[in-house]
Amino acid sequence: MTHSIQQKLTTEFIGTFFLSLTICTAAVYGSAGEYAPFGIAATLMVMIYAGGHISGAHYNPAVTVSIYLRGACDKDEVLPYIASQVIAAVSAALVVENFFLPNPNLTSPVAAELGNEAVVAELLFTFALAYVILNVATTESTSGNGYYGAAIALVVLAGAITVGSISLASFNPAVTSALIVSGKLTLADSWMHFVPQFVGAILATYVYKSTQ
């Protein structure tokens, strides 16, 4: 079944919205404590299964660019996908700020001192995320694989646990936009997310192509 661009964008919005909502609530404002990475991974996994057959379930501008460079996304869909993802992430951050933040239980915000190690962390785990997605969700030899959502979510889980205290574990320019709106990442520091995320995703595409 062929889906319209409106259906795809709606799916990208919903998936990115709930992913960002979970990140902002569970991790940024600490509602889930040390279990935040598991909540984030679970949300991503179920949203991938829910929307994968409609939009490809990118939920991440860097992933959209990677999949486009791999040849599995139409050029005309790239910018609309990215716009939908960023709008969804910002909307989620605003919902948390205006409706959830007054909750006195949200008292343990995530914190990280960003430095060069944050750039490396975002590059490596965005690379890993895009590399896994390309291999489990866009390759003919893995077509019909029912576990691709779990594989992708586990990359995010591993990254959140491993480098969450180093880089905030975004691996996603849309989520980075939500972190900026939430006040957890300054515009001056945002390049330490945006640049390595796109570089990591692009590198993953070329590594993927060279190994097929």
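Rounded to the nearest 0.05, what FRET efficiency do residue 142 and residue 188 have when you use their Cβ-Cβ distance and R0 = 41 Å?
Once the sixth-power term is evaluated, E becomes 0.50.
Assigning unit charges at the beta carbon (Lys, Arg +1; Asp, Glu -1) and nothing else, what dipole magnitude in debye, to the nearest 20, does the chain show about its Cα centre?
Its charge dipole is roughly 240 debye.
Straight-line reach only, C-alpha to C-alpha below 16 angstrom: list the aspartates and glutamates that residue 8 could link to, leaving out same-chain residues fewer than 8 apart.
Partners within reach: 74, 76, 77.
If you consider only alpha-carbon coordinates, what radius of gyration and Dmax does the chain have, in Å?
In Å, with Rg to one decimal and Dmax whole: 16.0, 51.
For the chain, list the DSSP H helices whose alpha carbon atoms reach 15 Å or more along the long axis and whose average Kyte-Doolittle value is 1.0 or above?
Sorted by number, the helices that extend far enough and score high enough are 36-55, 75-95, 116-137, 148-167.
When ranked by the protection proxy of mean other Cβ atoms within 10 Å per residue, highest first, what sequence do the peptides 165-171, 1-7 form?
Highest-to-lowest ranking by the protection proxy: 165-171, 1-7.
Over the chain, what is the mean sequence separation of C-alpha contacts under 8 Å (at least six apart), divided by residue count, expressed as relative contact order in percent?
It comes to 30 percent, rounded to a whole number.
In a GNM of the chain with a 10 Å cut-off on Cα contacts, which of 156, 95, 86 has the highest mean-square fluctuation?
In this elastic network of the chain, the residue with the biggest mean-square fluctuation among 156, 95, 86 is 95.
Points 7 angstrom from Cα along the Cβ direction at residue 165 and residue 120: gap in nanometres?
Each label point lies 7 Å from its Cα, and together they span 1.7 nm.
Taking amide H positions as placed in the peptide plane 1.01 Å from N, state which residues far from residue 31 in sequence (5 or more) or on other chains have amide H under 5 Å from it.
Here the answer is 26, since their amide H atoms fall under 5 Å of that of residue 31.
Which value in nm describes the separation of the simple spin-label points at residue 113 and residue 34, placed 7 Å from the Cα toward the beta carbon?
2.3 nm
No lab work stands behind these numbers, since they all come straight from the coordinates. Keep in mind the model is a prediction, meaning the values are calculated, not measured. Heads up, the Cβs are rebuilt from the backbone with ideal geometry, glycines too, and the neighbour counts pull from every protein chain shown.
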